[in-house]
1. Can you name the number of the only condition in (1) surrounded by 12 or more Cβ atoms within 10 Å (Cβ to Cβ); (2) at pLDDT 95 or above that Ala141 fails?
2. Hey, does the range 109-116 have a residue that's in contact with a helix residue (DSSP H, G or I) (Cβ under 9 Å, 6 or more places away or on another chain) and surrounded by 24 or more Cβ atoms within 10 Å (Cβ to Cβ)?
3. Among the candidates Ala143, Ala136, Ala118, Ala114, which residue alone is over 13 Å from the mean Cα position of the chain (by Cα) and under 19 Å from Ala84 (Cα atoms)?
4. Scan the range 169-199 residue by residue and report those that are surrounded by fewer than 19 Cβ atoms within 10 Å (Cβ to Cβ), not in a helix (DSSP H, G or I) and not aromatic (Phe, Trp, Tyr).
5. Looking at Ala136, Ala141, Ala83, which is the one that is more than 30 Å from Glu192 (Cβ to Cβ), of a type in the set (A, V, I, L, M) and either assigned to a strand (DSSP E or B) or in contact with a strand residue (DSSP E or B) (Cβ under 7 Å, 6 or more places away or on another chain) (or both)?
6. Among the candidates Arg147, Arg159, Arg196, single out the residue that is basic (Lys, Arg), out of contact with any Phe, Trp or Tyr (no Cβ under 8 Å at 6 or more places or on another chain) and modelled with pLDDT under 90.
7. If we keep just the residues of the range 65-96 that are modelled with pLDDT of 95 or more and out of contact with any helix residue (DSSP H, G or I) (no Cβ under 8 Å at 6 or more places or on another chain), which is surrounded by the fewest Cβ atoms within 10 Å (Cβ to Cβ)?
Amino acid sequence: MPPDTLGVILAGGLARRMGGGDKPLRLLGGRPMLDHVIARLAPQCEGLAINANGDPARFMHYGLPIWPDTLPENPGPLAGILAAMEASPLPWVVTAPGDSPFLPLDLVARLHAAREAAGVPMACAASAGFTHPPIALWPTALARELRAAIADGERKIDRWTARHGIAHAHWPSEPFDPFFNANTPEELDEAEALLRRHAISS
C-alpha cells in the first residue's frame, strides 16, 4: 500500500441526470454503488472519507468521516477536491466519484508511480483515450493554491492541474472500462449488465 494516502469518495454532486438524490446510494447488484467504491478503494488507502453535502445522516452507517464542501453554491468537483485536501490528515489524497463502482485495485499505486516517474505533483487516471480528472492523486500542500483559484472563478479541473503539472496513468478499457461511471438510469442499467457479464467482485 502506498504510504500516507487518504481516499476520499466524491458524493457531493447534484445528480441531475439521474433525476436527483444521491447517485452513490442507487443500487447496483443489490447494494449501493457506494459499497462497491468503498470495497475497491479501502484496501489501497490508509483510510477513507466521504465528501457529501446536506444531511450527513444518510451516510453515517458507513462509519467514515463526512466532509462537506467548504465553498457555497456547489461550484463543482473542484470544491469537493478542495474539501478533501483541506481536511485530510495525510499529505496525499486520492479522490474518486461515488458512481464509479469498478475502480482498479492498483489505482493508488499506479497514480503514485506515474507522478514520481514524471516528476510532477499530481496524477490522473486515463482509459480509452480519455482522462478522468476527478479520479486523481492530490498533494494537500496545494490546497491553498486551489482555494485561491476557485475564488478567482476556476471551475475546470484540467485547467487548474495544468498549471502545476499532472501525470496520466493509463488503464485498458477491455474487457470493461474500470472508470465506467453511472450518471443516468440507462448507465446504471449498463453497470448492472457489466457486473453480471464480467462477474466483477468488490
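The values are calculated or read from the model by the stated rules, or taken from the named source; none is laboratory data. If you're wondering where the values come from, they're calculated on a predicted model, not measured in any experiment. Virtual Cβ from ideal backbone geometry, glycine too; neighbours counted across all protein chains shown.
1. Evaluating Ala141 over (1) surrounded by 12 or more Cβ atoms within 10 Å (Cβ to Cβ); (2) at pLDDT 95 or above leaves (1) as the failure.
2. No, every residue in the range 109-116 fails to be in contact with a helix residue (DSSP H, G or I) (Cβ under 9 Å, 6 or more places away or on another chain) and surrounded by 24 or more Cβ atoms within 10 Å (Cβ to Cβ).
3. Ala143
4. Within the range 169-199, His170, Pro172, Ser173, Glu174, Pro175, Asp177, Asn183, Thr184, Ala199 meet the criteria.
5. Sole residue among the options that is more than 30 Å from Glu192 (Cβ to Cβ), of a type in the set (A, V, I, L, M) and either assigned to a strand (DSSP E or B) or in contact with a strand residue (DSSP E or B) (Cβ under 7 Å, 6 or more places away or on another chain) (or both): Ala83.
6. Step by step, each of Arg147, Arg159, Arg196 is checked, and only Arg196 is basic (Lys, Arg), out of contact with any Phe, Trp or Tyr (no Cβ under 8 Å at 6 or more places or on another chain) and modelled with pLDDT under 90.
7. Pro89
For (1) in contact with a Lys or Arg (Cβ under 9 Å, 6 or more places away or on another chain); (2) over 26 Å from Phe176 (Cβ atoms), each residue gets a yes or a no:
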{"residue": "Pro91", "(1), (2)": "no, yes"}
{"residue": "Val94", "(1), (2)": "no, no"}
{"residue": "Gly98", "(1), (2)": "yes, no"}
{"residue": "Leu111", "(1), (2)": "no, no"}
{"residue": "Gly119", "(1), (2)": "no, yes"}
{"residue": "Ala123", "(1), (2)": "yes, no"}
{"residue": "Phe130", "(1), (2)": "no, no"}
{"residue": "Ala143", "(1), (2)": "no, yes"}
{"residue": "Ala148", "(1), (2)": "no, yes"}
